[in-house]
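Take a look at the structure below.
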Amino acid sequence: MVVIGAYGILELTASPEWYHYVMAIICTPLALGLIMRQVIGYKTISLGKQKLIISYKFRGKTISYNLKELSAWRENVVKTPSGTFKELNLLFRDDKRIDFSMQEYSHYDKVISYLRKNNSKKYRDS
């Protein structure tokens with residue numbers, strides 16, 4: 001998207017055609033919006049000592065939960081032709097819900113094993 005938008009902007013200066021305007025006007029803001037969404041949603045997760053700490057680095061916000069505040073958790077596993085997609089859903093008593101997948105968090109398996117060990121009673125089947 002960024003490349004298409006940049007190409008559209010560069011071609012507008014050389015030889016403007018109608019599709020260069022479309023590429024520049026639609027693709028560039030769309031790509032920038034998607035990039036900003038990814039950057040703002042970036043989070044780090046720390047788990048240990050019966051606490052879950054979620055830090056949103058670019059928002060400057062840190063949320064800390066005791067595992068006693070966890071009302072339920074569930075792991076969704078979807079098999080696709082290209083591999084397995086795993087997602088963890090955490091639901092807290094204050095109706096906050098946190099989702100993260102194996103693709104976005106490198107210590108996903110450690111979190112699952114920690115939750116199975118310390119909070120297996122709160123596991124919900126899909």
> Restricting the search to segment 74-85, which residues are in a strand (DSSP E or B), surrounded by fewer than 17 Cβ atoms within 10 Å (Cβ to Cβ) and either on the phi < 0 side of the Ramachandran plot or at pLDDT 90 or above (or both)?
Replying inline: 74, 76, 77, 78, 79, 80, 84, 85
> Only one of (1) of a type in the set (S, T, N, Q); (2) farther than 30 Å from residue 4 by Cα; (3) part of a loop (DSSP other than H, G, I, E, B) is not met by residue 71, so which one is it?
Replying inline: (3)
> If you scan segment 114-123, which residues turn out to be of a type in the set (S, T, N, Q) and surrounded by 11 or more Cβ atoms within 10 Å (Cβ to Cβ)?
Replying inline: 118, 119
> Within segment 86-119, how many residues turn out to be touching a Leu at 6+ places or on another chain (Cβ under 9 Å) and not in a strand (DSSP E or B)?
Replying inline: 13
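The values are calculated or read from the model by the stated rules, or taken from the named source; none is laboratory data. Owing to the predicted nature of the structure, the values given are computational and were not obtained by experimental measurement. Cβ sites come from the backbone with ideal geometry, for glycine too, and all protein chains shown count toward neighbours.
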